[in-house]
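Student: A single structure is presented below for examination.
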Amino acid sequence: MKTDQIRKSYLEFFEKKGHTVVPSDSLVPQNDPTLLFTGAGMNQFKEYFLGIKKDMRRASSSQKCLRTGDLDNVGKTPYHHSFFEMLGNFSFGDYFKREAIQWAWEYLTQVLKIPKEKLRVSVHTSDEEAYAIWRDEIKVREEWISRLGDDSNFWPADAPKLGPNGPCGPCSEIYYDQSEDPNKPGDIESDSTRFAEIWNLVFTQYDRQEGGKLVPLANKNIDTGMGLERLACVLQGKKSNFEIDLFQPVLSAIAKALGVKLSHGNSQHFYSIADHVRAVVFAMADGVIPSNEGRGYVIRKLIRRSLWHAHQLMPGKKVKAAFLFQVVPDVCKVMHAAYPELEEARHSIATTLEGEEKRFLDTLETGLAILEQKLKQFSKQKTLPGEAVFELYDTYGFPDELTRAIAAEKGLDIDQKGFDRLMEEQRKRAKQASQIESAIFVSTELERKLAQLTPTQFVGYHNFSAKGKVLLSEIEKEKGIVVFDQTPFYAESGGQVGDQGTLEGDGLKARVLDTQKRDQVYLHYITVEKGKIQTGKSYELHVDKNRRDRTMRNHTATHLLHAALRHILGKQVRQLGSLVSPDKLRFDYSFPNPLTQDQVRQIEDDVNREILKNTQVTKEEKETDQAKKEGAIAFFGEKYGKKVRVVSVPGYSKEFCGGTHCDWTGQIGSFVIVSDTSIASGTRRIEALTGEGALEYTRQLRGQVAGIAQSLKTTPSQLVERVTKLQDAVKRLEKEKEKGLVQSVDPKQLMAGALPAGDFTFIAFQEKGIPIQQLRNVSDALQSHEKKLVYLLAVDADEKVHCLLGMSHDLKKSELDLRDMLKQLESLLGATGGGRKDL
């Protein structure tokens with residue numbers, strides 16, 4: 001049975017059991033600061049488990065997951081992965097143990113036709129209810145039911161003793177016996193080569209409180225997880241997940257790209273690369289860019305580990321060129337049935353990946369040589385110091401896991417604590433300490449209150465003012481959060497910042513500083529200037545119209561920019577992020593090269609032509625599938641419901657978008673690109689301005705050009721010609737300097753040739769081709785001489801004669817005034833000048 005068929009059959013089975021089939025969430029969790037990546041099927045249902053959302057009682061999904069806790073085991077064992085899919089069915093206060101167990105058994109034995117004698121189960125030592133269901137109702141033999149402790153059969157593991165506080169409960173796991181003789185005794189906990197764990201049923205029935213107290217939950221939940229790859233391995237009769245149909249094309253592509261055949265002796269390296277490249281492709285498709293922090297650092301580590309594994313596969317252990325990017329099309333193709341969106345992202349993923357590979361390969365050889373020296377240096381101690389591990393990470397991009405793996409081959413450990421300490425110090429210095437929380441469920445008092453509220457009605461697409469009734473008010477020292485039953489304030493989402501404005505009524509005057517959204521509840525962050533806000537009363541809400549108008553211009557211009565990039569650079573351009581504020585728009589997109597001046601001009605022209613057409617901007621709510629069929633572009637990583645809002649500029653742009661927009665493109669006014677910069681390999685960022693912002697920007701540029709022209713004593717229209725002449729003069733001087741034609745001036749030699757002039761000493765010097773700055777430096781040196789010195793320095797440079805008249809510091813208090821002398825020189829030279837008494 002093919003893996004795609006297994007996924008489909010599972011979802012169909014639970015749909016028939018009354019479950020809502022929910023698409024996989026992004027690998028980047030939405031609105032969840034506790035997670036770097038989605039690591040389990042239950043992650044996207046957190047608010048249902050907490051009782052914040054209540055519109056669904058049963059759900060089922062095939063969730064793409066990314067975990068990095070067992071990276072060192074990937075490739076070594078048959079079942080460990082960084083990226084995998086988790087099949088799951090969930091109950092939110094609906095059915096419980098009996099149905100979960102019965103349906104799991106029914107799916108495995110009746111739908112998949114797995115022989116009952118090939119299955120074993122485990123329950124928590126204290127869970128008599130689950131034990132009885134397996135023994136008395138499912139009729140599993142007692143010797144095939146294992147009772148295990150908190151470490152193996154409780155979620156989270158060891159929660160009763162160690163925490164964290166919050167929802168938890170016992171588990172029941174289902175195993176597949178891979179031996180030939182089902183009656184042969186065996187221990188499912190210790191013999192993982194014989195017994196493959198395929199399904200974990202979690203019975204969330206307790207609230208773990210301080211001191212380890214387990215309080216029964218009013219609403220008990222079901223959370224199950226079954227590894228799709230592991231199940232496919234069982235059904236396809238394989239000994240390893242890496243032998244199933246999903247991996248074969250990927251492994252073949254790796255072998256072709258490297259020119260190395262897969263064999264038993266090198267399978268660990270092949271399997272690791274295959275696993276990591278799948279993780280990288282899916283993470284990049286969801287908008288993660290390789291970087292040195294957070295999610296981007298995880299992806300960078302996976303890429304670099306893959307290259308190291310490839311290094312181990314090569315004769316002479318040397319990867320000569322990037323190769324992972326060549327495998328991307330095969331990953332996209334084999335996963336197309338479940339994730340067709342990968343194809344649209346394929347080109348940009350491959351481009352970014354190739355650049356990242358090349359960057360690391362440039363430093364790999366040097367880094368490996370230094371690591372080899374370090375390993376020899378500390379071979380007797382058997383431990384590589386944290387400082388050495390950190391140096392390899394900081395200078396050569398070696399993740400500590402990679403250094404550990406290489407060191408382990410030589411029989412050395414690494415000082416992980418020392419490395420972690422140095423990393424933490426670096427994070428503090430750079431103010432990049434992680435904001436990721438360790439708790440699995442974070443349910444604050446505010447969240448519990450918000451869970452009881454009805455969704456806020458947003459009326460701001462067509463109104464800038466409305467009357468809203470206060471449903472919740474959390475104010476302390478004149479600052480806090482207010483929730484209304486309806487609001488014209490747009491809450492930050494889709495890259496667009498939240499609205500600002502005012503609240504008034506019943507003696508109250510308050511400023512709204514920001515608007516955010518928690519699920520469908522709008523949070524108004526306010527500062528009270530006068531009066532007191534009261535729950536249950538209604539107030540007038542006024543959006544800052546000027547700020548909203550400027551934001552709308554930038555948002556609609558962002559859509560036009562996206563379309564223009566695809567028109568001019570190609571359909572491979574993919575939006576990776578955006579910021580829409582009143583002051584500017586920022587657009588991150590996939591493209592391998594900097595924009596040329598001609599491309600910038602073409603993009604600006606394309607957008608401005610559409611603005612001048614003054615086309616009507618349409619906003620419609622449509623069925624998601626229908627909108628996709630009509631060609632509407634969705635933002636990667638975003639999760640959409642059954643219906644979406646589609647914003648269109650007919651004949652030019654069509655995108656999913658819930659933001660606020662102009663009614664006509666002409667309202668944008670004008671559009672100008674301010675910058676195009678690289679933010680990662682294969683990823684660029686455009687910043688642009690519209691309306692008054694674009695006008696002010698051009699005024700500033702005009703002022704700067706006029707100022708530069710004035711300083712160069714020319715006109716703006718002749719500025720290019722003047723600068724060209726100056727550049728030619730600089731080049732000429734540089735050539736003359738190379739040939740020894742440019743003389744250097746030694747103040748000591750000048751002093752040696754000084755002449756007496758009455759009570760003074762006088763120096764007169766004239767030369768060609770000496771830079772003006774050198775003349776000033778000589779003047780500074782001569783001023784320090786205490787010999788009643790007066791000097792006249794002249795050079796022929798830049799088609800002019802430059803003169804400098806000065807005196808030593810000991811003459812500053814004398815009656816001598818060089819400005820009188822300068823006037824006489826002006827008449828002799830036909831020149832003009834000015835300065836101080838002494839210079």
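The values are calculated or read from the model by the stated rules, or taken from the named source; none is laboratory data. In this text the structure is predicted, and so the values were computed from the model without any measurement. Methodologically, a virtual Cβ is constructed for each residue, glycine included, from the backbone with ideal geometry; neighbour enumeration extends over all protein chains shown. Note: accessible area is taken over every heavy atom of the protein model, side chains too, but ligands, DNA and RNA are not part of it. Shrake-Rupley method; radii C 1.70, N 1.55, O 1.52, S 1.80 Å.
Student: List the GluC sites (Glu not before Pro) in region 219-312 that DSSP assigns to loop (not H, G, I, E or B) and whose Cβ has at most 15 other Cβ atoms within 10 Å. Which are they?
Tutor: GLU293
Student: Something else: Which residue, ALA253, LEU565, SER240, has the largest displacement toward the positive end of the dipole of the chain when charges sit on each Cβ (Lys, Arg +1; Asp, Glu -1)?
Tutor: So the residue furthest toward the plus end is LEU565.
Student: Note the listed values (1) 35.6, 125; (2) 40.2, 138; (3) 32.7, 112, then indicate which one is Rg and Dmax of the Cα atoms in Å calculated from this particular structure.
Tutor: (1)
Student: Ordering LYS301, LYS139, LYS116 by how much accessible area each has at a 1.4 Å probe, largest first, what is the list? Write out the running numbers ahead of the final one.
Tutor: Numbers: LYS301 25, LYS139 150, LYS116 120 Å².
From most exposed to least exposed: LYS139, LYS116, LYS301.
Student: Compute the helix-to-body angle for 691-711: its Cα long axis versus the longest principal axis of the chain, expressed 0 to 90° and rounded to tens.
Tutor: 30 degrees
Student: If you don't mind, there's one more thing I want to ask. Please find the FRET efficiency linking ARG98 to GLU12, where r is the Cβ-Cβ separation and R0 is fixed at 22 Å, and quote it to the nearest 0.05.
Tutor: Values: r = 22 Å, r/R0 = 1.00.
It comes to 0.50.
Student: Report, in degrees rounded to the nearest 10, the 0 to 90 angle that the Cα long axis of helix 545-569 makes with the longest principal axis of the chain.
Tutor: 90 degrees
Student: Scan around VAL745 for amide H atoms under 5 Å from its own, H built in the peptide plane at 1.01 Å from N, and keep only partners 5 or more places away or cross-chain.
Tutor: none
Student: Further question on the same structure: Are there GluC sites (Glu not before Pro) in region 117-221 that DSSP marks as loop and that have at most 11 other Cβ atoms within 10 Å, and which are they?
Tutor: Counting only loop positions with at most 11 other Cβ atoms within 10 Å, the GluC sites (Glu not before Pro) in region 117-221 are GLU180.
Student: If amide hydrogens are placed 1.01 Å from N in the peptide plane, which non-local residues have theirs closer than 5 Å to the one on GLY577?
Tutor: Answer set, sorted by chain and number: ASP588.
Student: Let me ask something else about it. Can you give me the % of accessible surface on the chain that is carbon or sulfur? Probe 1.4 Å, all protein chains present, nothing else counted.
Tutor: 48 percent
Student: Using only Cα atoms, tell me the angle between helix 416-429 and the longest principal axis of the chain; keep it within 0 to 90° and round to the nearest 10.
Tutor: 50 degrees
Student: Points 7 angstrom from Cα along the Cβ direction at VAL801 and ASP70: gap in nanometres?
Tutor: 8.7 nm
Student: As I understand it, the dipole of the chain uses +1 on the Cβ of Lys and Arg and -1 on the Cβ of Asp and Glu, about the Cα centre. Which of ALA337, MET1, VAL580 lies farthest toward its positive end?
Tutor: It is VAL580, whose Cα lies furthest towards the positive end.
Student: Another one. With runs of 4+ DSSP H residues as the only contributors, calculate the mean residue ellipticity of the chain at 222 nm using -39,500 (n - 2.57) per run, divided by the residue total and rounded to the nearest 500.
Tutor: -11500 deg cm²/dmol
Student: Defining a contact as two alpha carbons under 8 Å apart and six or more residues distant in sequence, what relative contact order in percent does the chain show? Kindly include the intermediate steps, with their values, before the conclusion.
Tutor: Numbers: 1478 pairs, mean separation 60.4, N = 839.
Dividing the mean separation by the residue count of the chain yields 7 percent.
Student: Which of ILE289, ILE668, VAL74 sits closest to the plus end of the dipole of the chain, meaning its Cα is farthest towards the positive end, when Lys and Arg get +1 and Asp and Glu get -1 on the C-beta?
Tutor: My answer, from the dipole projection, is ILE668.
Student: Compute the accessible area per residue over the chain, keeping the other protein chains in place, probe 1.4 Å, unit Å².
Tutor: 48 Å²
Student: Amide H of LEU472: which non-local residues (sequence gap of 5 or more, or other chain) have their own amide H closer than 5 Å, using H built in the peptide plane?
Tutor: Residues meeting the amide H criterion: VAL483.
Student: List the pairs from LYS713/LYS800; LYS16/LYS333; LYS17/LYS97; LYS261/LYS320 whose alpha-carbon separation is above 20 Å, in the order I gave them.
Tutor: LYS16/LYS333
Student: Using DSSP to call loops (not H, G, I, E or B), can you name the trypsin sites (Lys or Arg not before Pro) in region 32-89 whose Cβ has at most 13 other Cβ atoms within 10 angstrom? Intermediate values should be presented prior to the final figure.
Tutor: Numbers: sites: LYS46, LYS53, LYS54, ARG57, ARG58, LYS64, ARG67, LYS76; in loops: LYS53, LYS54, ARG57, ARG67, LYS76.
Loop-located and lightly packed - LYS54, LYS76.
Student: With each label point set 7 Å from Cα along the Cα-Cβ vector, what nm distance links SER827 and LYS320?
Tutor: Each label point is offset 7 Å from its Cα along the Cβ direction, giving 8.1 nm.
Student: According to a simple spin-label model (label point 7 Å from Cα along Cα-to-Cβ), what is the distance in nm between LYS735 and GLN426?
Tutor: 4.7 nm
Student: Expressed as a whole number of Å, what is the distance separating the alpha-carbon centroids of region 814-839 and region 74-95?
Tutor: 87 Å
Student: Something else: Rounded to whole Hz and in sequence order, give me ³J(HN,Hα) for region 253-268 from the Karplus expression 6.51 cos²θ - 1.76 cosθ + 1.60, θ = phi - 60°, writing x for Gly and Pro.
Tutor: Once θ is set to phi - 60°, the couplings for region 253-268 become 5, 5, 4, 5, 5, 8, x, 10, 7, 6, 9, 4, x, 10, 4, 4 Hz.
Student: Also, quick follow-up: Quick one: grab Rg to one decimal and Dmax as a whole number for region 1-155, Cα atoms only, in Å.
Tutor: When restricted to Cα atoms, region 1-155 yields Rg and Dmax of 16.8, 45 Å.
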